[in-house]
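Each value in this text was obtained by applying a stated rule to the coordinates, not by laboratory testing. Remember, it's a predicted structure, so these values are computed and weren't measured experimentally. Ideal geometry is used to build each Cβ from the backbone, glycine not excepted, and the neighbour counts take in all protein chains shown.
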Amino acid sequence: MKEPKKLTKLEMKIMETLWDKGSASIREIQEAFPEAERPAYTTVQTTVYRLEFKKALRRGKRVGAAHIFEPAVSRGSAQRRLIDDLLGMFGGRAQPIMAHLIDSGDLTLKDLEEATATLRKLGRKHAGDS
């Protein structure tokens, strides 16, 4: 799957629904939102068409009059794009983001352990490439 264009918050919520369900109609996407936060059907429809234009999703089969949409980009590639954009705002430095996560209490010991394991794995991989 290719690298997606930048996605808005609403677009990401719609994509989350598609990644979780695999495929869905516009009505199913709209109904996946909590009732208190549910956008109008036409808002979801317009956003889905924008996502189709961005090639983040595609039309799958048709059931009756409804088109069924499915993701054309992976969750991981969309998340990487958002993180790369965020890092770009800080000149590519992760330290301010890490400091914020620590200060806010959003970074757990488990998160740090997973990050350390990933860094070790990358270190071994790079050492093997030399």
Under 5 Å from the placed amide H of LEU57, counting only residues 5+ away or on other chains, we find GLU52, ALA72
Extension length gain for ARG75 and ARG93 (0.36 nm per residue less Cα distance), in nm, is 4.2 nm
Expected sort for 108-120, 75-87 on mean C-beta neighbours within 10 Å, highest first, is 75-87, 108-120
In degrees, nearest 10, the alpha-carbon axis of helix 95-104 is tilted away from the dominant principal axis of the alpha carbons of the chain by 80
Between the modelled labels at HIS67 and LYS125 (7 Å from Cα along Cα→Cβ) the distance in nm is 3.6
Output for segment 1-108: chymotrypsin sites (Phe, Trp or Tyr not before Pro) sitting in coil per DSSP, at most 12 other Cβ within 10 Å, listed by number, reads PHE90
In degrees, nearest 10, the alpha-carbon axis of helix 9-21 is tilted away from the dominant principal axis of the alpha carbons of the chain by 80
Looking only at lysines whose Cα falls under 22 Å of LYS55's and that sit 8 or more positions away or on another chain, we get LYS2, LYS5, LYS6, LYS9, LYS13, LYS21
Nearest 10, in degrees from 0 to 90: the angle of helix 109-129 to the longest Cα principal axis of the chain is 70
Given the candidates PRO34, ALA65, ALA24, the one whose Cα lies deepest towards the positive end of the charge dipole of segment 10-65, counting +1 at each Lys or Arg C-beta and -1 at each Asp or Glu C-beta, is ALA65
With x for Gly and Pro, the residue-by-residue ³J(HN,Hα) of segment 33-41, computed from phi through the Karplus equation 6.51 cos²θ - 1.76 cosθ + 1.60 at θ = phi - 60° and given in whole Hz, is 6, x, 3, 5, 10, 5, x, 4, 3
For GLU37 and GLU114, extending 7 Å from Cα along the Cα-Cβ vector and measuring point to point gives, in nm, a value of 2.0
Between the modelled labels at TYR49 and LYS9 (7 Å from Cα along Cα→Cβ) the distance in nm is 2.4
